[in-house]
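Have a look at the structure below before the remarks.
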Amino acid sequence: MASAAPTKLYADDVSLVVVLIDTNPFFWTTSEKNSSSLSFADFISHVLPFLNAIMLLNQLNQVVLIATGVNSCEYIYDSSLPHQQSADGKMPAFYSEILTKLEQFVSKDQRLAKNDSSLTMSSLLSGSLSLALCYIQKIFRAGPLHPQPRILCLQGSPDGPEQYVGIMNAIFSAQRSMIPIDSCVLGTQNSAFLQQASHITGGIYQKPAYPDGLFQYLSAVFATDLQSRSFLRLPKPPGVDFRASCFCHKKTIDMGYICSVCLSIFCKHHKKCSTCGSNFNQSQQDASSTLDHKRKTPEA
Amino acid sequence: MPQVKIIAKNFMDMVAALPAMKLDKLYDNAFICEAVLRSLPPLAKKYVMQMLYIDVSVTAKSLEEQVLPDGFSKHKVAIDRLLQLRIFVQSIDRKRETSYKLNPKFQDNLQKYLVYGGSLPREPMPTNITVRLPSPEELEAYAVDQWENFLLQLVTSAQGEKQMGFSSHLLKNFQRGLMSSRENESPKMSEHGFQFLLMDTNAQLWYIIREYISSAQDRGLDPTDLISFLLELSFHVMGEAYNMNSLTEVQTSAVKDLADLGLVKLQQGRKESWFIPTKLATNLSVSLSDTSARKQGFVVIETNFRMYAYSSSKLHCEILRLFARVEYQLPNLIVGAITKESLYNAFENGITGEQIISFLQLNAHPRVAEKIPSVPENVTDQIRLWETDRNRVEMIPSHFYDDFPSKDVFEAACDYAREIGGFLWEDSNKMRLIVRGEAHQDMRDFLRRQK
């Protein structure tokens, strides 16, 4: 940590928050039918004041908004870019900018879905995490002065096991650069990916019990800057689901075969590792001695 | 007992020291709520955010429960600050439980801010009236120029040179604190003056603004008006022109003084006049919290005590001259050395070694600033050593007792002095005792009881 340097040019609580919002239409349409959960419009009306609140807390704070669609992801808003100041008294200018950008994004995402026949229900979280990390790397490289970054995932749709490798890679690179990934899960199920992401990077994982009070969760828990977090007792998940997805069929498994050379995971026995090409039954006929039979269970 | 003196350490302490009525009046203004929120310690900001949409009081206990044992002192500081600034209103119920509630005005203003966004304090003038506005670079250069001029004035007037045109009461402010001027003698810079020069720009700015506000009180102005105007000023857009007609009388005179410091630039059109805030003004509320300053350094110190300062500013040269021997000056480079003589000179003027070191570290050239330490260790150590050279003798105000009636009384007195921690020296043969000054009263009472 650079905290030993005597010249602290940025105050401790200056933060860069990259917010990833889930725009998955499959999730939001089912969510709207359910009376206890949020509609997309309500969700946005909770998120926008939260972004504003982050910027209110410190003049140097920075907010970046990235939309996670089904087929694509995109930067929606970056508070560091110059924006026109046309406050008409009803709504800050950037709210309307975000709304129009989001609308464009959602319709573009929909068009992409029509061209592509393979139907997936999950959002492209690995893509938006990578975008967020790229942005933060850019900030890191811009100079020695930078705010403390963190990522906040507002995820609703269930995990897409086919993105396992991409998401894990993103998580590990976030861990290396010491970027916490906070996650707030709005769906009915816990997200194993995000549980692992927050656990590994030291972020906060929370699944709000009352989604209609989302803003309170956001402002009380996720608005807390990294420095203050070291003094506070923040919500901890009861357990983390460490299950992995296999590389061959992208299924979530709790028992499988692992390549002893490159640690790739498979749900079935293979003759050759599809990732690194190692031949499994070369010397011995008995497969069980060369293959690690490892059991992965969720932590209680 | 040493006299307890409350020194306004930063600007927000000054705001906190205002009477409750005036503070509540300040919170009518949304900008002030915003600026005050930003000035809070991080943990306090978090509490405000958490309580923002809670309309009932929250017990102190439930807030404490969140805090880890390590963070308890920080928690205390945050809560104290919030109470001082009347952002939290404390209430104690029948069961003697303390609970807090956000100040309703403050809460209301911030809630509105989050939903409707901030509006501008006043509309900028249309561009067809203001003929030619300075570009951001010009404005920045103007601000830096004006500011350096002002500081240079401080240095040169201390050297007995002629004064440039600054409004008299503005200058008087600084002379009061920073210069010691006796009659028939040219003003000499005081200890504070030298220390002031070594502070970073934001700290200097706030020092002056503080002095300015407290002197306004002497002139019969309400400091609340000035404080709210200054905070408001920091929310204006840099480089835009604002009509002078939109200001009250107090504000107009304040704007004129601030123009001398480079916070605003005044321009005169055909019919109307306007002011343009510079970066110094818009940064006012950023620098409210102590540690946020961004400035490129220019000084390189080598292990052989040579100093290279990449600067063409006359002010920098004068500041370096305070503690170093400047040898030659090239158009963009000042070359000098830190010597024992130059440092002794600085110490005599009341500058401490720590101040010099922190100045060198804060202003280290970007190339060396990346290194840790940015100033070679042998240089910093030597500066500290030379400083302690001068402080071989420590002076403690004390009292000397002799003529004790008997050995017993003397020894009892010695023991008592040790007990209260005031003992300094004794000579049991001649029965003499020296005790710290602050322990004198206790000693006197003790000796009286012995009789």
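Being modelled with pLDDT under 85, farther than 16 Å from A:F50 by Cβ and among the aromatic types (F, W, Y) holds for only one residue in A:F231, A:F242, and it is A:F242.
Out of all the residues in region B:49-78, which are more than 7 Å from every other protein chain (Cβ to nearest Cβ), under 13 Å from B:Q107 (Cα atoms) and surrounded by 16 or more Cβ atoms within 10 Å (Cβ to Cβ)? Within region B:49-78, B:M51, B:S57 qualify. Filtered by the rule that a residue be over 16 Å from B:F106 (Cβ atoms), touching a Ser or Thr at 6+ places or on another chain (Cβ under 9 Å) and surrounded by fewer than 22 Cβ atoms within 10 Å (Cβ to Cβ), region B:10-40 gives B:N10, B:M14. The set of residues in region A:238-250 that are within 20 Å of the chain's Cα centre (by Cα) and surrounded by fewer than 14 Cβ atoms within 10 Å (Cβ to Cβ) comprises A:P238, A:G239. Note on region B:213-239: residues that are in a loop (DSSP other than H, G, I, E, B) and touching a strand residue (DSSP E or B) at 6+ places or on another chain (Cβ under 7 Å) total 3.
Can you find a residue in region B:84-92 that is of a type in the set (F, W, Y), at the interface with chain A (Cβ under 9 Å from one of its Cβ atoms) and under 21 Å from B:L110 (Cα atoms)? No: zero hits. So, A:S228, is that one out of contact with any Lys or Arg (no Cβ under 8 Å at 6 or more places or on another chain), outside any loop (DSSP other than H, G, I, E, B) and of a type in the set (G, A, S) or not? So A:S228 fails the test. Taking A:S157, is it buried (at least 23 other Cβ atoms within 10 Å of the Cβ) and more than 10 Å from the chain's Cα centre (by Cα)? So A:S157 passes the test. Residues of region A:74-89 include none that is under 18 Å from A:Q227 (Cβ atoms), out of contact with any Gly (no Cβ under 8 Å at 6 or more places or on another chain) and either within 14 Å of chain B (Cβ to nearest Cβ) or at pLDDT 70 or above (or both).
For region A:201-256, a residue qualifies if it is of a type in the set (F, W, Y) and away from chain B (no Cβ under 14 Å), and the qualifying residues are A:Y205, A:F242, A:F247. Number of residues in region A:265-275 that are modelled with pLDDT of 85 or more and within 17 Å of A:G166 (Cα to Cα): the value is 2.
A single entry from B:V379, B:V435, B:V375, B:V393 fulfils the requirement of being β-branched (V, I, T), more than 30 Å from the chain's Cα centre (by Cα) and modelled with pLDDT of 85 or more: B:V435.
Within region B:341-369, the set of residues being surrounded by fewer than 17 Cβ atoms within 10 Å (Cβ to Cβ), touching a strand residue (DSSP E or B) at 6+ places or on another chain (Cβ under 9 Å) and within 12 Å of another protein chain (Cβ to nearest Cβ) comprises B:R367 only. Within region A:201-212, residues that are within 19 Å of A:I167 (Cβ to Cβ) have Cβ atoms under 6 Å from residues that are at pLDDT 90 or above and part of a loop (DSSP other than H, G, I, E, B) in these pairs: A:T201/A:P180; A:G202/A:P180; A:G203/A:P180, counting only partners at least 6 apart in sequence or on another chain. In the set (1) in contact (Cβ under 8 Å) with a residue 40 or more places away in the chain; (2) among the hydrophobic types (A, V, I, L, M, F, W, C); (3) closer than 18 Å to B:S215 by Cα, B:V255 fails one condition alone, (1). Restricted to region B:347-451, the set of helices (runs of 4 or more DSSP H) holding at least 3 residues that are under 30 Å from B:Y310 (Cα atoms) comprises B:353-362, B:366-369, B:377-390. The criterion of being assigned to a helix (DSSP H, G or I) and at pLDDT 85 or above does not hold for A:L20. You will find that of A:G277, A:G256, A:G213, the residue that is part of a strand (DSSP E or B) and out of contact with any Leu (no Cβ under 8 Å at 6 or more places or on another chain) is A:G256 and no other.
Taking the criterion of being modelled with pLDDT of 70 or more and of a type in the set (V, I, T), the residues of region B:278-302 that qualify are B:T278, B:T282, B:V299, B:V300, B:I301.
Against the numbered list (1) closer than 28 Å to B:Q111 by Cβ; (2) assigned to a helix (DSSP H, G or I), A:F193 comes up short only at (1). Cβ-Cβ contacts under 8 Å between residues 6 or more apart (or on different chains), taken from a first residue in region B:364-391 that is at positive phi to a second residue that is not hydroxyl-bearing (S, T, Y), are absent.
The values are calculated or read from the model by the stated rules, or taken from the named source; none is laboratory data. Worth saying up front: this structure is predicted, and the values here are computed from it rather than measured. Note that we place each Cβ from the backbone using ideal geometry, even for glycine, and neighbour counts take in every protein chain shown.
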